[in-house]
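Have a look at the structure below before the remarks.
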Amino acid sequence: MKCYTKTISELRMDFEKKQIELAPPYQRKPAWKTKQRRLLLSSLFNGIPIPALIFHRHFRRDKPVYDVLDGKQRLETIFHFIGKIKLKDEDELWVEFKNPKTDKEDYLYFGELCSSKVNKEYENILEKFWEYPIPIIEYEGDLSDIFGRNVASKEVFVRINSTGSPLKKHEMRHALWTGPFFELGSVLERKYKNLFLKWRIISKADIDRYLFHEFILELCTACFEGNYSDRRKKLDELLSQHEWNKKEINRIQKQFNKVISCVKEIFPDDGIKSTRFKNKSDFYSLFVVLQKLEQKEYVIDDKKSNKIAGRFLLTFSKQTQKLDNKYPDNIVIDIKLSEHEKQLAPYINSSRQATDSKRHREIYPQC
């Protein structure tokens, strides 16, 4: 392990030479908001120390490459500020700092820092920015624990990122696992991303934080199991223990595509976005029911039958939503409820609770 500093100018040159890898396979997508990025820039210009970057050094075609284990958001902010990368949904950043002559707050964009007039006014501010030292902790070669056992860099990444902007469980899962099943989720995510956005089942934030990828894997798990499952327990098992073969992956992919095609037929013109099935828990229940019916050859693909199914599900959605709105707390099944409401109540209660569990996911209305 080495501890040293590099200037922003040196980090910029390393990045230009493709020697800084901001996104090794286990890294997450940008997680910071504009406010956090401006605070970092403000720290740089106002003399507030920032945490060390942690690099894992290895070689690619005899050239050193630095995988970023910790500090991706900090480096992204600096590189975006100086125009070396463009962050999605992030406008041009400005920095807030105290003017050395007036001691008042000033705001400057990077383009203004490059102006000779501004540099003269602000006492060579650009040069001072380029020479700002960033602390770095560097690991090289294989990482090992106190007993000399090998530790994968992705495990180090997960442990390091348990603080600061901590990794969520789905981000840890993304960092730790690879393989055919995981890759199938990525293939289906790319294929159906725009459709699920149009249906309003997911948001852009779900994509950025890997929540959509995990939801796809949940649906794939249902295809593999042919039934509901305990999400985290079964998903972790399939990612970490199951030995996948091509036939299984192809079967899941085929089944997944069939169910989505069925949903499109039942809800033409993206009508699903006006129902409660745009909620992930309700869509999951619908997906599993349809794939079970398809496996039993109950689902037929003529337009008349799909219209009937669509009308039924639309009515069901309206009835459950009406009852859901009527009782903000869990519904107690008592004499005040009609027989039809008693049939709907368990489904509504379960959709409000821990729907990750198989016990809750298997509840459906007896109507």
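The set of residues in the stretch 89-145 that are touching a Pro at 6+ places or on another chain (Cβ under 8 Å) and surrounded by 12 or more Cβ atoms within 10 Å (Cβ to Cβ) comprises E90, Y122, P135.
Does R38 satisfy being assigned by TED's automatic domain parsing to the domain that holds Y132, in a helix (DSSP H, G or I), among the basic types (K, R) and free of Cβ contacts under 8 Å to residues at least 60 places away in the same chain? Judged against the criteria, R38 is a match. A single member of S229, S186 is assigned to a loop (DSSP other than H, G, I, E, B), more than 30 Å from K303 (Cα to Cα) and of a type in the set (G, A, S), and it is S229.
If only residues of the stretch 72-114 that are of a type in the set (S, T, Y) and at pLDDT below 90 are counted, the one that is farthest from E10 (Cα to Cα) is T102.
Could you look through the stretch 213-244, keep only residues that are without any contact (Cβ under 8 Å) to a residue 60 or more places away in the chain and of a type in the set (S, T, N, Q), and pick out the one that is nearest to S281 (Cα to Cα)? Top of the filtered list is T221.
Checked against (1) free of Cβ contacts under 8 Å to residues at least 60 places away in the same chain; (2) assigned to a helix (DSSP H, G or I), F283 meets all criteria but (1). Among the conditions (1) free of Cβ contacts under 8 Å to residues at least 60 places away in the same chain; (2) crowded, with 20+ Cβ neighbours inside 10 Å; (3) in contact with a strand residue (DSSP E or B) (Cβ under 6 Å, 6 or more places away or on another chain), the only one that E76 does not satisfy is (3). Note on the stretch 115-140: residues that are over 15 Å from G47 (Cα atoms), assigned to a strand (DSSP E or B) and modelled with pLDDT of 85 or more total 3.
The values are calculated or read from the model by the stated rules, or taken from the named source; none is laboratory data. Fair warning: this is a prediction, and the values are worked out from it, not measured in the lab. Note that each Cβ is placed from the backbone with ideal geometry, even for glycine, and that neighbours are counted across all protein chains shown.
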